[in-house]
Amino acid sequence: MRRPLLVAVLVVSTLASCGRPPVPKEVLVYRGLSENLPRLDPSILAGSRILIDPGHGGHFQGTVGREGLQEARVNLGVSLYLWGLLREAGADVHLTRSAERDFLTQADSSLAGELGKRVSMVDSLQPDILVSIHHNAQNDRDPGKNAIETYYRFGDPASRDLAFAVHRHLMRNLGIEAGEVRPGNYFILRNIDIPAILGEGSYLTHPQVEASLQLSEKQRLEAEAYFLGILEYFSRGVPRIVRGAPLDSVFTNVPAFSFSIRDVGGLGIDPGSVEVRLNGDEVKAFLSADGRIARYRLPWDSPNGAYELSLQVRNLLGNSSSVSRVHFVIDFPPEIATFDNAPPAFPPSGGTLRIRARLLDRRGQAIIDGSVIHLRTSHGETPDSVQVKRGFVEFPLSLGALAEPVRLTLINHGRSFDLEVPPARHTTTALRKVTIADGLTGAVVNNARVTLGDSLLSSGGSNNGMYFIPVGLAATLGRDGAPDAWVEAPGYRPRPAAALAVDVDTLQLTPWYEGRLMSLRFMLDPEGGFGRQAGAGQLGLTGPYVNLQVARYLEEYLEAAGAEVELTRRNEETLSPRDVVAMTNRFGADRYIEIRHRGAPADSGLVVHSHFFPGSRMGLPMSEAIGRALSDYLALPPRAPTELVTYPLQQTACPAIVVELPSIAIIAEELRLGEPAYQRKQAYGLFLGILEHFGVEPHASATITIADSPRSNWLVTLDRTWSLLSDHEGNATFPLLPPGRYRVWIRRGDVSISGGSLLLRPGEHGRHVIRGLSAR
């Protein structure tokens, strides 16, 4: 018979204390086990392999209580007791460490390296479950804060079931009233593929917890609670999935997959629980009558390419399997070829043809990207081979003056496809090939475009960096009244197409900021929600609205510098913190930035406040750089970054910060925040901080001034890339610009003009005044 559950009563002293927060009165934590340890059935854990990870150790001591109790020591004590209990119950149990040590080496003394050693133990042992034991701390050392938090491996239903079972018994036996089960993305959880949990049994910053866990009997009590949870988990049975035939990874047909399912120690599989996903989308599978075989066949017209098929099941007692994933490729050979050549016939005097071809399989699907296509022609020089990208191949064919047709043959998988290009019977526009490349790395630029005024001379992209422009373009460039011609690509400084007037084979583009942001991935999280907590001004403007506008402008600047950007929301929908973390990790973000405009007291609202997760090695310098740049650009007093614990800051796999911009509760600030000019200015300040964080040195700066009335809300653009709206004084200021000559454009309503050019030398602040607008 179970003894009644002890209820924790927490009473916080209201007396102020000099130098220390008030200490709560004694509470009934770690009083004693409220459940009886069962008489063991040795069959429950027999053959189960369990790995216990005592968190921290050695150089990494974790948190420390007010009286000096080290987390690493407590973690080890609880783990050793748990090891003994499981071993006596018949489990094959292991520890990542059994002494006060770490896993640092001379070659790698980083925390990631130390944690990587623990992950390697999982890979070598291949245990059935991992239990990582930790104890928590309140960031501001509040002695009244205490809770049990149990984290499970993000996205794994088996880890979730293990977490619920363990958490239930921790709550029953430790005498702590508050607690929560959460998905976790800690290093050791996200880098393994078995059911795993990380337990934060209590807060060492709570005085009674620290006093209790000084005693070995209280460490044993916590171990007993973990043991009961693990025992409950295994007593319900553990569904396991083994992939059957076929075992290939590349298919030249549409495959059907078979999986065998066992419910080890359980009562069988719940037939309604089978969940199969193909590239993330749920599909229907077949489950045999005995619940032991699951099968799925892909649709006959599945495109060629890479796939992930995942399967998970749940047993009749509620335990889930881990997600079983199969990665494979469908690669049908080609049967049909379609061609597009420009011009459709080659000029009598010769020139360059742009040849595009799409090779299709017998189902009409494009063959897989990466397929190598060999080329053979009856005339002219061509590359030996090219690769299929985005479903097609593209290459140039250079021809002299010919009177007979040109035969082109494409070869793949032993099959050949022919195209015959006739000579033109009349004059036609000839093309020439230009390769556009990165001026620093020499890599081809495959997302460029060549424009002449409003015309697109070369399409916005090329698989191999080869672009085809009219031979006569040189004659039009530089003429009086001729439209501007430009070569542009995201991440690169636009280059006037006058460079194409000469017969060049390769045109180099200069990456903005030496390519520091090129291909980096940023997740921007404009805080959403409703009410005062999310920020609301007295005149009705809301923080979530302004957050989204600022995030969109920041997205524009980051993409112009070559970064990839994702927003957690693009409308009023608000994601849960867990959805934000899942989205960030799926995107593979290099940095996460949450943008806030909160309400705050009037005496502290006009500041920029940045936050980072405690101990984040990259979060602190990113917070410092962004806070400093924003404060300078917005002319606001600086405030040092502070530590903050939020679920996204804690659980994203990348460095993450929160930026709190000036308070929307101040009426003057609310009025400014309603103007796009100020929203853009805040976004540009954030961008400047990101540049500083990634090592961009101060070079030059410029202020463009509109001298005539109206002065405000002119869209000022430098080099077709960086845009700001002029403020009420007519100014748009661009700090941190690379030196060089900049073209200036301004636009307001129907007026759109070139504002001339501005030469910036290193270290120089240039000022460019635009007059004469009132006469237009």
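The values are calculated or read from the model by the stated rules, or taken from the named source; none is laboratory data. Quick caveat, the model's predicted, so the values are computed rather than measured. In this analysis, Cβ positions are derived from the backbone assuming ideal geometry, glycine residues included, and neighbour counts consider all displayed protein chains. Quick note on the areas: whole protein, heavy atoms, side chains included, nothing else; ligands and nucleic acids left out. Shrake-Rupley method; radii C 1.70, N 1.55, O 1.52, S 1.80 Å.
Side notes on the structure shown:
- Number of positions in region 253-267 that are surrounded by fewer than 18 Cβ atoms within 10 Å (Cβ to Cβ), aliphatic (A, V, I, L, M) and either at positive phi or assigned to a strand (DSSP E or B) (or both): 2
- Condition met for ARG314 (surrounded by 17 or more Cβ atoms within 10 Å (Cβ to Cβ), in contact with a helix residue (DSSP H, G or I) (Cβ under 9 Å, 6 or more places away or on another chain) and among the charged types (D, E, K, R)): yes
- Residues being farther than 30 Å from ALA245 by Cα and crowded, with 16+ Cβ neighbours inside 10 Å are entirely absent from region 324-331.
- Unmet requirement for ARG578, which otherwise passes all of (1) at pLDDT 90 or above; (2) basic (Lys, Arg); (3) closer than 23 Å to ALA677 by Cβ: (3)
- Residue match in region 614-621 (condition: closer than 24 Å to LEU691 by Cα and buried (at least 23 other Cβ atoms within 10 Å of the Cβ)): yes
This table checks each residue for (1) of a type outside the set (Ser, Thr, Tyr); (2) touching a residue at least 12 places away in the same chain (Cβ under 8 Å); (3) farther than 30 Å from LEU399 by Cα.
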position	(1), (2), (3)
VAL276	yes, yes, yes
GLY280	yes, yes, yes
SER288	no, no, yes
TYR307	no, yes, yes
LEU311	yes, yes, yes
ILE336	yes, yes, no
PHE339	yes, yes, no
PHE346	yes, yes, no
ASP369	yes, yes, no
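- The residues of region 624-639 that are in contact (Cβ under 8 Å) with a residue 12 or more places away in the chain and not in a helix (DSSP H, G or I), listed by number, are LEU636, PRO637, PRO638, ARG639.
- Test for GLU420: is it farther than 30 Å from PHE328 by Cα and not in a strand (DSSP E or B): no
- Some residue of region 290-302 being in a strand (DSSP E or B), among the basic types (Lys, Arg) and more than 24 Å from ALA158 (Cα to Cα): yes
- The residue that is surrounded by the fewest Cβ atoms within 10 Å (Cβ to Cβ), among those in region 405-438 that are in contact with a Pro (Cβ under 7 Å, 6 or more places away or on another chain) and charged (D, E, K, R), is GLU420.
- Annotation: of all residues in region 412-438 being at pLDDT 85 or above and among the hydroxyl-bearing types (Ser, Thr, Tyr), the one that is farthest from PRO494 (Cα to Cα) is SER416.
- GLY400 farther than 18 Å from ILE330 by Cβ and buried (at least 20 other Cβ atoms within 10 Å of the Cβ): no
- Lone unmet requirement of (1) without any contact (Cβ under 8 Å) to a residue 12 or more places away in the chain; (2) assigned to a loop (DSSP other than H, G, I, E, B) for GLY599: (1)
- LEU80 meets each of the listed conditions (1) under 35 Å from the mean Cα position of the chain (by Cα); (2) modelled with pLDDT of 85 or more apart from (1).
- Just one of the listed residues (ARG771, ARG767) is touching a residue at least 60 places away in the same chain (Cβ under 8 Å) and closer than 15 Å to ALA700 by Cα, namely ARG767.
- Listed by position, the strands (runs of 3 or more DSSP E) enclosed by region 350-398 that each have at least 3 residues that are at pLDDT below 85 are 351-360.
- Selection status of LEU558, closer than 30 Å to PRO738 by Cα and surrounded by 20 or more Cβ atoms within 10 Å (Cβ to Cβ): yes
- Only residues that are out of contact with any strand residue (DSSP E or B) (no Cβ under 7 Å at 6 or more places or on another chain) and assigned to a helix (DSSP H, G or I) were counted across region 648-659, and they come to 1.
- Set side by side, the residues LEU636, LEU630 differ, and just one is open to solvent by less than 10 Å² (accessible area, probe 1.4 Å), in contact with a Leu (Cβ under 7 Å, 6 or more places away or on another chain) and over 24 Å from MET583 (Cβ atoms), which is LEU630.
- When restricted to residues that are closer than 21 Å to LYS145 by Cα, open to solvent by 10 Å² or more (accessible area, probe 1.4 Å) and of a type in the set (A, V, I, L, M, F, W, C), region 42-76 contains 1.
- The listed residue being within 41 Å of the chain's Cα centre (by Cα) and either modelled with pLDDT of 85 or more or under 30 Å from VAL254 (Cβ atoms) (or both), out of THR409, THR338: THR338
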